[in-house]
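Structure, as structure tokens:
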Amino acid sequence: MARPLALLSLCLPLGLLAADRTAGPLPAERAARSAILPDGFRMEVFAAEPMVVQPIGFAIDARGRVWVAEALNYGEWKPTGKDRVVILEDTTGDGKADRRSVFYEGFNYVTGIEVGFGGVWVLSPPKLYFVPDHDGDDKPDAEPEVVFDGIGYKESRHNLANGFTWGPDGWLYGGHGRTSPSDVGTPGTPADRRVHCDGGVYRIHPLRRVWENFADGTTNPWGVSFDQFGQCFVSNCVNPHLFHMIPGGHYEPWRNRPSSRFAYERLPTIADHLHYPGGDLRADLGKPETLALGGGHAHCGILVYRGGAFPKEYENAIFLCNVHGRRINHDVLRPRGSGYAASHAADFLIAADPWFMGVTLRTGLDGSVYVSDWSDTGECHTYKPNTSTGRIYRIRHESAGPDRTQAATPGDLTRLSDDELVVLQRHPNDAVVTLARRVLQERAAKPGWRGEAARSRLRQLALDPLATTPLRLRGLWACHVTGGVSTDDLLRLLEDPRPSDGRDYLRSWAIRLLCEPGTPDERVRGRLRELARSDPSPVVRLELASALQRLPLEHRWPIVTELVRHRSDATDANLPLMYWYAIEPLVTTDPERALRLALTAEVPLVRRFIARRLADEAVAHGDRFDLAPLVMALKVAPETVRGDLLAGTREGLRGRKKLTMPKGWPAVYAAVTAANDPLAREHAVALALIFGDTQALADLRQCVTDPRADPTERVQGLESLIEAGTADLAPLLLELLADPVVRLTALRGLAAHPHPQAAQRILQVYPQLTTAEKATAISVLTARKDMALSLLDAIESKIVPRLDVSAYAARQMFALGDSRLNDRIREVWGEVRETPAARQALIGRYKALLTPAYLKSANLANGRAVFSKTCQPCHRLHGQGGTIGPDLTGTNRSNLDYLLGNIIDPSAEVGRDYRMSVVRTGDDRVITGIVVERSTARVVVQTATERITLSPDEVTSVKDSPLSIMPEGQLEALTKEQVRDLVGYLMSPTQVPLPPQGQP
């Protein structure tokens, strides 16, 4: 039923707003009628249980039938063979499936499906299958063929490879989650020849059986779609939710991916918003804040709508299923520089059914939108799925008329002639266009196809200057997949005039297709260099940067040299990083040429990263790598360029304590310190310490100890002394504990520079410390056995309040591995790790305590104060806090079982990005945290209070733990009133002020 969204809370019966999520879904027809859509739209049931259950993915074939992957095993990989593929068909034309047939049953963990090339493609990790049905009788011709194996599945039930979507280039695209990495190959491929995939988007060529990584990164992309220009977009299951995926791009987050180590920075989301209201989404359903923000952080499925059957304002709209919000979000794309930005529009659909959980979105042959409903409750990973439910709905607009479509549905595309399929490239529904193109591609792959006439007409469309850019692209793509595009055709497109809208995607796609084989001839390379030099379009330059990654290294230099001279590209969201990704492998093959490139580059990021990459190489190879050319570049560089080179060099040497002073350094140091650039001077001083420059050491000590010096310079100077591992620094650090300006930095330094009196001196000043200083002091005191024992004595004597020592700090002490210390921890602080039975008993105890009536009396301000001490160092909530753990704002915080389970038993299911590691150093220091980088250059550990960079030489062992970085026992350190206030605050949908003193 179409109703204005603003009237949602008035239109829905009160019983639906307060529906019990565990009671069961609304009847399918009632759920469809009660869904809230913009005026003129309506949702109808295409199929519902028992006709369809557990629809984890579906595809629409050339006859308009729906092929569904039913995931009966979802939640736990089991070799039961219960997962299956079913075909749903509407034989009467009334918009409802009335025929169901099981095509194949026997998969174990299906996550993706698509139809084409005489069969069905099914992703069921650890394998990707092709089930042949060349005669089209809807029965497998043979057992499934294993196309690829080695696809990860053991690490996570939901964060893994999934798919599929046909791309405009004739490849099959899918998303790959971060938690379950893959090493993909055809069966029998040796380990060293497999393709490692660690998150992002991959693609598969259906004829050549090639698997490629298309773009690297994100967390859990589930859903791939393309716009009218053939640009790729994914929905990311956790925040941020939307990315424009550029071939060869690296995307946030990194999480220590080896494939992205030298990317240094990664491409951001294009969304300028989040979909977070927080709170109880069912109780808040219809409230303005919920409608405005979008329902939560988890998204699954994406569709760039190009069906031609909705009002014009929805053409090229992005639809995403919002799992927690029980809705379909609507984001609006707009051009921005070389790429896009996306803004939030009013949500397209809000379900009244509390079990609605959209997963997949597709456009039907009639231009309507089909959405699968997992029909369940709980988090997106659904620990105990209900295997008896599932729906597929159809959303249409009244403007489609009685036959429910603006353009006549073409019927069975496989029965059309080549000429008819070519005509369909002009169809208003891109779903029809895509299917027609794929059928032509299938025919072209068969021996004896006589398609010269079809290719000629497609070529004419691609080269037609009077046609629109999207229409010409359709002609180009279809001509390409049928083998009808020549190098001369693509070079001709490079001369195409710039369209009035400035979106130069014809030239962009010509570049991509010219470079896809990886060996463009000299004539093509010369033209690409000219485009890099003079083409006014950032879209074209983005494609050049992307395409360079497919070229041999020696062919990249001339093109990239022209690209980095565009000063205006320095502020673009994509171009600086994409230039760097193309340049990075060049740097170590010819360092001097790379430095010449840095000196002429007009993009500061490129300059910084070239220097950083060379410094990284110096760290990896020590004195065998000569930094003298980099120092020479610093000597001759203009001041602005020199600042970037110094910044990059310092970052690359971070964690390194000593390195032989390169030739020419003293002159560079003197010039920088004499110049009026404080930031460059700071970098130079830090580098001088690493190079053993005695003058720099003396200057810095004088600055740090001078109370009249600039406070910022004092802090920065002390940080440099600590970072460089300066000898005999501990006595100075103890002295500086009395100086409020540098005390926090001095405390941090004592962790790396131990002293026999450190614990005594820290505890003497502890009562005068600020909240941040106390947290750092606890971190220092728990890093070594002798200091930890002193801390426990201080807790027992009430010098340090027990609440100041978090469960994280207690576990840090426990990780020191000393039996006497562990007994003392249990005696003074409590148990660090409960047994499974004890954890369940605790959950029951707190559930009995936290009744609705008791939670109603919670002091939310005090709860926020407790949160700021116990949780905020690692977690963000309402836009504030750390980023070590997941952002809590969009999670299912209104569910008490969810909260207690995650707080009391955080290690029940842990993604590898949040697993704890225990790092030991040669001087008996123990650091617990997340290892965010581990390489030959450095080991970087993110703790609850700081990011610690170590030289590999300092590290004696790194022990990875199956435990979450979030410790147990957090609630045990609190009074029952503090537990009530904390849980009440966590369940609150909005931010509240802190109490006057920020203390509970």
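Restricting attention to region 189-203, the residues that are β-branched (Val, Ile, Thr) and open to solvent by less than 20 Å² (accessible area, probe 1.4 Å) total 1. Those strands (runs of 3 or more DSSP E) of region 72-168 in which at least 2 residues are surrounded by fewer than 17 Cβ atoms within 10 Å (Cβ to Cβ), considering only elements entirely within it, cover 99-107, 145-149. Counting the residues of region 225-276 that are open to solvent by less than 30 Å² (accessible area, probe 1.4 Å), modelled with pLDDT under 90 and assigned to a helix (DSSP H, G or I) gives 1. Checking the stated criteria, residue 39 turns out to be in a loop (DSSP other than H, G, I, E, B) and modelled with pLDDT of 95 or more.
Taking region 204-224 as the range and being assigned to a strand (DSSP E or B), within 15 Å of residue 516 (Cα to Cα) and open to solvent by 10 Å² or more (accessible area, probe 1.4 Å) as the test, the residues that pass are 205, 210, 211, 212, 213, 214. Tell me whether region 877-898 contains one or more residues that are under 19 Å from residue 970 (Cα atoms) and modelled with pLDDT of 85 or more. There is no residue in region 877-898 that is under 19 Å from residue 970 (Cα atoms) and modelled with pLDDT of 85 or more. With the structure loaded, tell me whether residue 57 is crowded, with 22+ Cβ neighbours inside 10 Å, within 17 Å of residue 103 (Cβ to Cβ) and among the small types (Gly, Ala, Ser) or whether it fails that test. Criteria met by residue 57.
When each of 805, 800 is tested for being closer than 19 Å to residue 978 by Cα, modelled with pLDDT of 90 or more and of a type in the set (Val, Ile, Thr), the lone residue that passes is 800.
The sole residue among 677, 728, 710, 644 that is at pLDDT 95 or above and open to solvent by 20 Å² or more (accessible area, probe 1.4 Å) is 644.
Considering only residues in region 838-860 that are of a type outside the set (Gly, Ala, Ser) and assigned to a loop (DSSP other than H, G, I, E, B), the one that is surrounded by the most Cβ atoms within 10 Å (Cβ to Cβ) turns out to be 850. The set of residues in region 174-197 being assigned to a loop (DSSP other than H, G, I, E, B) and at pLDDT below 95 consists of 177, 178, 179, 180, 181.
One residue stands out in region 21-36 among those that are in a helix (DSSP H, G or I) and open to solvent by 20 Å² or more (accessible area, probe 1.4 Å): the one that is farthest from residue 375 (Cα to Cα), namely 33. Considering the conditions (1) out of contact with any Ser or Thr (no Cβ under 8 Å at 6 or more places or on another chain); (2) at pLDDT 95 or above; (3) of a type in the set (D, E, K, R); (4) within 15 Å of residue 314 (Cβ to Cβ), residue 426 is excluded by exactly one of them, (4).
For region 455-500, taking the residues that are in a helix (DSSP H, G or I) and of a type in the set (Ser, Thr, Tyr), the one that is least open to solvent (accessible area, probe 1.4 Å) is identified as 469.
Only residues that are over 18 Å from residue 643 (Cβ atoms) and in contact with a Leu (Cβ under 7 Å, 6 or more places away or on another chain) were counted across region 691-711, and they come to 4. Taken over region 811-837, the criterion of being aliphatic (A, V, I, L, M) and open to solvent by less than 40 Å² (accessible area, probe 1.4 Å) is satisfied by 813, 815, 816, 821, 825, 828, 832.
Restricting 628, 601, 594 to residues that are open to solvent by less than 40 Å² (accessible area, probe 1.4 Å), closer than 30 Å to residue 272 by Cα and among the small types (Gly, Ala, Ser) narrows the list to 601. For residue 997, the criteria (1) more than 30 Å from the chain's Cα centre (by Cα); (2) surrounded by fewer than 22 Cβ atoms within 10 Å (Cβ to Cβ); (3) at pLDDT 85 or above hold in every case but one, which is (3).
Taking the numbered list (1) out of contact with any Ser or Thr (no Cβ under 6 Å at 6 or more places or on another chain); (2) under 24 Å from residue 390 (Cα atoms) in turn, residue 146 passes all entries but (2).
Which one is farthest from residue 543 (Cα to Cα) among residues in region 554-595 that are assigned to a helix (DSSP H, G or I) and of a type in the set (D, E, K, R)? Among those that are assigned to a helix (DSSP H, G or I) and of a type in the set (D, E, K, R), it is 592. Has region 405-417 got any residue that is over 38 Å from the mean Cα position of the chain (by Cα), modelled with pLDDT of 95 or more and surrounded by 17 or more Cβ atoms within 10 Å (Cβ to Cβ)? Yes, the conditions are met somewhere in region 405-417.
Being basic (Lys, Arg), farther than 20 Å from residue 528 by Cβ and at pLDDT 95 or above holds for only one residue in 474, 492, and it is 474. Taking the listed residues 461, 476, the one that is of a type outside the set (S, T, N, Q), free of Cβ contacts under 8 Å to residues at least 40 places away in the same chain, over 19 Å from residue 248 (Cβ atoms) and in contact with a Gly (Cβ under 8 Å, 6 or more places away or on another chain) is 461, with no other qualifying. Scan region 925-944 residue by residue and report those that are surrounded by 21 or more Cβ atoms within 10 Å (Cβ to Cβ) and of a type in the set (Ser, Thr, Tyr). The answer is 928, 943.
The values are calculated or read from the model by the stated rules, or taken from the named source; none is laboratory data. What you are looking at is a predicted structure, and each value in this text was computed from that prediction instead of being measured. So basically every Cβ, Gly included, is an ideal-geometry build from the backbone, and we count neighbours across all protein chains shown. The accessibility values were calculated without ligands, DNA or RNA, using every heavy atom of the protein model including side chains. Shrake-Rupley method; radii C 1.70, N 1.55, O 1.52, S 1.80 Å.
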